[in-house]
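Reading through the structure tokens given below for one structure.
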Amino acid sequence: MNDDAPIFEVSSLSLYYDDFRALKDIDMEIRRYAITALIGPSGCGKSTLLRCFNRMNDLIPTARIEGRILFEGSDLYHPDVDATEIRSRIGMVFQRPNPFPKSIYDNVAFGLKINGYRGDIDEAIERSLRQAALWDEVKDRLKDSALELSGGQQQRLCIARALAVEPEVILMDEPASALDPIATLAIEELVRELSESYTIVIVTHNMQQAARVSHETAFLMAGEDRSGYLVEHGATSQIFTTPKSERTEAYITGRFS
Amino acid sequence: MLRSEYHRDLRSLEDDLLALGSMVEKAIAKSLDALKNRDMALAEQVIEEDDVIDEKRFSLEEQCIDLIATQQPLASDLRTLITVLHVSVELERMGDYAEGIAKISVAMGDEPPLKPLIDIPRMADRCMDMLRRSLDAFVNRDTAEAYQICDDDDEVDALYDQVYRELLVYMMTDPSAIRRATYLLWVAHDIERIADRATNIAERVVFLVTGRLTDTRASTY
């Protein structure tokens, strides 16, 4: 696979919940092995857009899309595509850490088991926990309940769980918003490390976090009809020093009502 | 460690600043060699290489802007970035003085020098020493050394005074020497300015360490 080719190509994407158009005519590409941050005011559709990348919106009965998303050059929404299989290639980490009420070990093993993983499970669990920078903290207590971990540890466990099935992409929906500042920085450090081997798309309310952590930033807004649209997408340093759009400038400088 | 990439970027920024300092120091040394040895090719080289110094300064500035925009630097990190921004401007300006000296060399052409160059190279040695030490003080966060550099500027000022008076005498006794004497006076002035800028760097070191903005310089010029 050509590393320079975008991993996702979004064209004329609109998303409707019944008659309400939540996303309008989004065109964008997601760069491989980079961290792309989606930012914008509440209700701009950034989480909705994120969920389009692994067909999580399929789970909402009233949702339908127009337009197209290519993943690795193939239509992500083609009827022949198995959405469950896609979700193992495009993993997701949510706002609140959501470990299962099981042991640390079982949390990571879960995805492997349902995907019929045939390799050495212990080995896969250690690899995932190491990649998620959690191994050293939990290696002596793998059988303890995941719920005994701190919030930051739980979120890293959820990242380990997503990594266990060896996805190509990790989608993160405000992964640090429920964490304290130090745990937040630890997650950010982890995300930077992971971007060497994975493509990451992250939604964040925290603009400074987008600036710190991402390589590319996409700014979305809701129009008068409340549909989210893409205002600007570029290198993070460009967006935060010399945005092209006056709307981006207004948002990131706080001159925004 | 948290934010390891950011801290790596900050360290490499300091390394780049020192690389700029070393480029400027070489430019000053070469401009003086060109003047002493009437070496036109070397003088032309200094003039040409000033563009590289300018580019390096812009690249440093861009790195600082990116880090400020994306990394929310605070406390000593913020002071480091502000210091790098200021010091890179001082260094770039010193490079311009070296270029100025090289241009004077070219303007003087094949004319025999007015007098043997003694005090001017001595001034240049002092100011290059101040430049080197100011960058060492930056690396070591050494305020005592920074204050010492500011004091040492008096010596360069005194030498400049001496050169000025001497050249004035040449001009008064032989008006046909005015042009050549003026060239040398410009050179001496450029060197004196380089030393002043080394004290500016030293003052930035005081800011870097203490957060205090000071003007310690009591330069005569």
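If you check B:Glu14 against the conditions, is it over 22 Å from A:Gln209 (Cβ atoms), touching a residue at least 24 places away in the same chain (Cβ under 8 Å), out of contact with any Asp or Glu (no Cβ under 7 Å at 6 or more places or on another chain) and within 14 Å of chain A (Cβ to nearest Cβ)? No; evaluated as a whole, the condition is false for this residue. From the list A:Glu216, A:Glu232, A:Glu249, the one residue that fits, being within 14 Å of chain B (Cβ to nearest Cβ), touching a strand residue (DSSP E or B) at 6+ places or on another chain (Cβ under 6 Å) and of a type in the set (D, E, K, R), is A:Glu216.
Listed by first and then second residue, the pairs with beta-carbon distance under 9 Å, at least 6 apart or on different chains, first residue in the range A:5-21 and basic (Lys, Arg), second not in a strand (DSSP E or B), are A:Arg21/A:Asp225; A:Arg21/A:Arg226; A:Arg21/A:Ser227. Scanning the range B:198-208 for residues that are in contact with a Phe, Trp or Tyr (Cβ under 8 Å, 6 or more places away or on another chain) and either under 14 Å from B:Asp129 (Cβ atoms) or free of Cβ contacts under 8 Å to residues at least 40 places away in the same chain (or both) turns up B:Ile201, B:Ala202.
Would you please name the residue that is surrounded by the fewest Cβ atoms within 10 Å (Cβ to Cβ), looking only at residues in the range B:146-187 that are in a helix (DSSP H, G or I), free of Cβ contacts under 8 Å to residues at least 60 places away in the same chain and among the charged types (D, E, K, R)? This residue is B:Arg165.
Here is a yes/no grid of residues against (1) closer than 26 Å to A:Ala250 by Cα; (2) touching a strand residue (DSSP E or B) at 6+ places or on another chain (Cβ under 9 Å); (3) part of a loop (DSSP other than H, G, I, E, B):
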| site | (1), (2), (3) |
| --- | --- |
| A:Glu9 | no, yes, no |
| A:Tyr16 | no, yes, no |
| A:Arg21 | yes, yes, no |
| A:Asp25 | yes, yes, no |
| A:Tyr33 | no, yes, yes |
| A:Asn54 | no, yes, yes |
| A:Pro61 | no, no, yes |
| A:Glu66 | no, yes, no |
| A:Glu85 | no, no, no |
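None of B:Leu32, B:Leu81 is closer than 30 Å to A:Thr236 by Cα and not β-branched (Val, Ile, Thr) except B:Leu81. For a quick check of your reading of the model, give me the residue pairs whose first member lies in the range A:169-193 and is more than 13 Å from chain B (Cβ to nearest Cβ) and of a type in the set (D, E, K, R), whose second is buried (at least 21 other Cβ atoms within 10 Å of the Cβ) and in a strand (DSSP E or B), with beta-carbon atoms closer than 9 Å and at least 6 apart or on different chains. Within 9 Å, the pairs are A:Asp173/A:Val93; A:Asp173/A:Ile202; A:Asp173/A:Val203; A:Glu174/A:Ile202; A:Glu174/A:Val203. Contact annotation: residue pairs with Cβ atoms under 8 Å, 6 or more positions apart or on different chains, pairing a residue in the range A:65-88 that is aromatic (Phe, Trp, Tyr) with a partner that is surrounded by 13 or more Cβ atoms within 10 Å (Cβ to Cβ) and part of a loop (DSSP other than H, G, I, E, B), are A:Phe71/A:Ile7; A:Phe71/A:Phe53; A:Tyr77/A:Arg55.
Residues considered: B:Ser76, B:Ser134. Of these, the only one that is surrounded by fewer than 16 Cβ atoms within 10 Å (Cβ to Cβ) and either out of contact with any Phe, Trp or Tyr (no Cβ under 7 Å at 6 or more places or on another chain) or not in a helix (DSSP H, G or I) (or both) is B:Ser76. Each residue in the range B:17-38 was checked for being touching a residue at least 24 places away in the same chain (Cβ under 8 Å) and either within 14 Å of chain A (Cβ to nearest Cβ) or closer than 25 Å to B:Ala188 by Cα (or both), and 15 of them qualify. Tell me, please, whether a residue that is more than 14 Å from chain B (Cβ to nearest Cβ), in contact with a Leu (Cβ under 9 Å, 6 or more places away or on another chain) and polar (S, T, N, Q) can be found in the range A:128-148. Checked against the condition, which is being more than 14 Å from chain B (Cβ to nearest Cβ), in contact with a Leu (Cβ under 9 Å, 6 or more places away or on another chain) and polar (S, T, N, Q), the range A:128-148 yields at least one hit. Only one of the numbered conditions (1) away from chain A (no Cβ under 14 Å); (2) more than 30 Å from B:Ser176 (Cβ to Cβ); (3) of a type outside the set (Lys, Arg) is not met by B:Asp110, and that is (2). Taking the conditions (1) among the small types (Gly, Ala, Ser); (2) surrounded by fewer than 15 Cβ atoms within 10 Å (Cβ to Cβ); (3) within 29 Å of B:Ser76 (Cα to Cα) in turn, B:Ala195 satisfies each one other than (2). Taken as a whole, the condition of being within 14 Å of another protein chain (Cβ to nearest Cβ), over 17 Å from B:Asp190 (Cα atoms) and in a helix (DSSP H, G or I) does not apply to B:Asp54. Listed conditions (1) closer than 23 Å to A:Met92 by Cα; (2) within 12 Å of another protein chain (Cβ to nearest Cβ) are all met by A:Thr242, apart from (1). Answer with yes or no whether B:Glu62 is at pLDDT 95 or above, within 14 Å of chain A (Cβ to nearest Cβ) and surrounded by fewer than 16 Cβ atoms within 10 Å (Cβ to Cβ). For B:Glu62, the condition - at pLDDT 95 or above, within 14 Å of chain A (Cβ to nearest Cβ) and surrounded by fewer than 16 Cβ atoms within 10 Å (Cβ to Cβ) - is met. No other residue among A:Gly152, A:Gly228 is surrounded by 23 or more Cβ atoms within 10 Å (Cβ to Cβ) and not acidic (Asp, Glu) apart from A:Gly228.
The values are calculated or read from the model by the stated rules, or taken from the named source; none is laboratory data. Just so we're clear, the structure is a prediction, and the values are computed from it rather than from any experiment. Neighbour counts are summed over all protein chains in view; Cβ atoms, including those assigned to glycine, are modelled from backbone coordinates with ideal geometry.
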